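Asks: This is the structure, below, for whatever I ask next.
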Amino acid sequence: MLKDTKFGQDQLLIFDTTLRDGEQSPGAAMTLENKIEIARQLDEMGVDIIEAGFPIASEGDFLAVSKISEIIKNATVCGLARSSIGDIDRAGEALKKARKARIHTFISTSDLHMQYKLQMSRDQVLEAIHKSVTRALDYTDDVQWSPEDGTRTDHDFLVLSVKTALDAGAKTINIPDTVGYTAPGESAYIINMLRERIPEIDNVVISTHCHNDLGMAVANALAAVNAGARQVECTINGLGERAGNAALEEIVMATRVRNDIMPYKTNIDTTKITHLSRLVSDATGFPIQFNKAIVGKNAFTHEAGIHQDGMLKHAGTYEIMKPEDIGLMESSLVLGKHSGRAAVRKKLEDLGYDIGDNRLSDFFVKFKNLADRKKEVYDDDLIALMRESTGMADDDNLRVKYLKVVCGSDSPQSAELIMDVNGREMTAQATGDGPVDASFKAVTKLFPHKAKLKLYQVQAVTQGTDAQATVTVKLEENGHLVLGQSADTDTVYASVKAYVSALNNLFRRREIKTSWKEAP
């Protein structure tokens, strides 16, 4: 039988690292505005710890951790730091305005990492562990320590490393499966082994951090919890490096649906899961696979005749959870061109959007324009419209005023574009290999730039020939990625607006870098 932990046998802390480990996914860079909004939503959802970034990594990360520290009301805000003094001091500076601050410091402990990555001896690593934890305690009494590549670390040295961190004053010990190497039985064994060989570890919180390289991240995390871990590091949509991390929504719903065999409770308001999933997908430009557990488009869809028959008789025949439990509304067609503002506001609230009067007025105009063009307006249409409306149009340097394209089997295709460029109306014409290429070239004529197009993605958000298309454009400038999105029933027009949106975000990124350099 497992020993009880001091923290409590049934309470499970949710440590969200979407803004740190999630953003390390290639191409998943988020704007400062994205990060602040996601952090707000995570806080409202009930996440216990938000790892807001890696302050020493970049100017943007430092600023994000600083800004998030100022606005988070309930959760602990965490900053990541390597074992160097500079890293820890930078994290402490970024977190100084947080109501509750945590520094998460780490160093590799596997022989492979120590030899080839660190080029340090075991004694040097142990010394670095003690120094880093001690230094972090100068800024906060909430210090978390992790042995990077912990699941491939020699067990005797892992025990010695954890003891060193505990002796230095760490309050949370996180065991990361950095490269997704372990399996559920081994994951549980490691936690049990540490608890047996280090009795004092039960006086702190044991955490688990699992990657999904072999498709076992959630299973490994839950196995560690069953063995005594009481904190899970995870991300929205399983976002993360390589194959990603354990998915927050899967961890939370697994313990809720199967509480009979996993009797743990979290502070998560599960009705906010769907909205946050879409928010993170929008911010990163990473679409959610249709068959993704919990939040995928097909997760609550039934096509097979046998399944449909069972669902009509009793939903429990083929659904183990209710769609509304994760904030997914059952109805999809509720609004049309005769709908009023109150109905639109109520529907947006049902979908997880809190919208003020001024913003509602702007949104309502766009909604009416869409309703006039579409016979049926679905939830996903509204969500796509909200995605576009969350842009910062008042601050835009570039605005699309008019677009006309000529396309067909005869080439070349052409585009005529009128754009407002820094307050000046300008016109350009261009030809290209297709209407989108021609339109993008017209934009570049009016606003020359050196940004490279890294992603162009079109997704129909509803069915039918009048479906809205959500277009995502990702640009790269000097190693930095920016995202632009737009939705419209006209795919080419949506494409141009998404491209221009990304260019506007280049301006904002430059402004963020300037403001950081001027900060004291």
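The values are calculated or read from the model by the stated rules, or taken from the named source; none is laboratory data. Remember, predicted model here, so these are calculated numbers, not experimental data. As a convention, Cβ positions derive from the backbone with ideal geometry for all residues, glycine included, and neighbour counts pool all protein chains shown.
Asks: Among 242, 197, 230, which is more than 20 Å from the chain's Cα centre (by Cα) and surrounded by fewer than 22 Cβ atoms within 10 Å (Cβ to Cβ)? It would help to see each step written out before you state the result.
Replies: Working: 242 fails: more than 20 Å from the chain's Cα centre (by Cα); 230 fails: surrounded by fewer than 22 Cβ atoms within 10 Å (Cβ to Cβ).
The match here is 197.
Asks: In the range 340-359, which residues are crowded, with 17+ Cβ neighbours inside 10 Å and either at pLDDT below 80 or among the aliphatic types (A, V, I, L, M) (or both)?
Replies: Filtering the range 340-359 down to residues crowded, with 17+ Cβ neighbours inside 10 Å leaves 344-345, 347-348, 351-353, 355.
Those that are crowded, with 17+ Cβ neighbours inside 10 Å and either at pLDDT below 80 or among the aliphatic types (A, V, I, L, M) (or both): 344, 347, 348, 351, 352, 353, 355.
Asks: Looking at (1) within 26 Å of residue 179 (Cα to Cα); (2) part of a helix (DSSP H, G or I), which one does residue 70 not meet, given that it meets all the others?
Replies: (1)
Asks: Within the set of pairs 6+ apart or on separate chains, which have a first residue in the range 271-289 that is under 15 Å from residue 498 (Cβ atoms), a second that is of a type in the set (Gly, Ala, Ser), and C-beta atoms under 8 Å apart?
Replies: From residues that are under 15 Å from residue 498 (Cβ atoms), the pairs are 284/22; 284/25; 284/27; 284/28; 284/29; 285/27; 285/28; 287/281.
Asks: Follow-up. Given the conditions (1) part of a helix (DSSP H, G or I); (2) over 17 Å from the mean Cα position of the chain (by Cα), and given that residue 206 satisfies all but one, which numbered condition is not satisfied?
Replies: With respect to (1) part of a helix (DSSP H, G or I); (2) over 17 Å from the mean Cα position of the chain (by Cα), residue 206 is out only on (1).
Asks: Applying the selection to the range 454-496, what residues are closer than 20 Å to residue 279 by Cβ and assigned to a helix (DSSP H, G or I)?
Replies: Selection gives 494 alone.
Asks: Now, a different point. Looking at the range 159-175 only, could you name the residues that are in contact with a strand residue (DSSP E or B) (Cβ under 6 Å, 6 or more places away or on another chain) and within 19 Å of residue 115 (Cβ to Cβ)?
Replies: Selection gives 161 alone.
Asks: Can you tell me which of 56, 50 is touching an Asp or Glu at 6+ places or on another chain (Cβ under 9 Å), at pLDDT 90 or above and in a strand (DSSP E or B)?
Replies: Values: 56 fails: in a strand (DSSP E or B).
Only one candidate qualifies: 50.
Asks: Quick check on my filter: what residues within the range 136-160 are assigned to a helix (DSSP H, G or I) and surrounded by fewer than 21 Cβ atoms within 10 Å (Cβ to Cβ)? Walk me through it before giving the result.
Replies: To start, the set of residues in the range 136-160 that are assigned to a helix (DSSP H, G or I) comprises 136, 150-152, 155-160.
Across the range 136-160, the qualifying residues are 152, 155, 156, 157, 159, 160.
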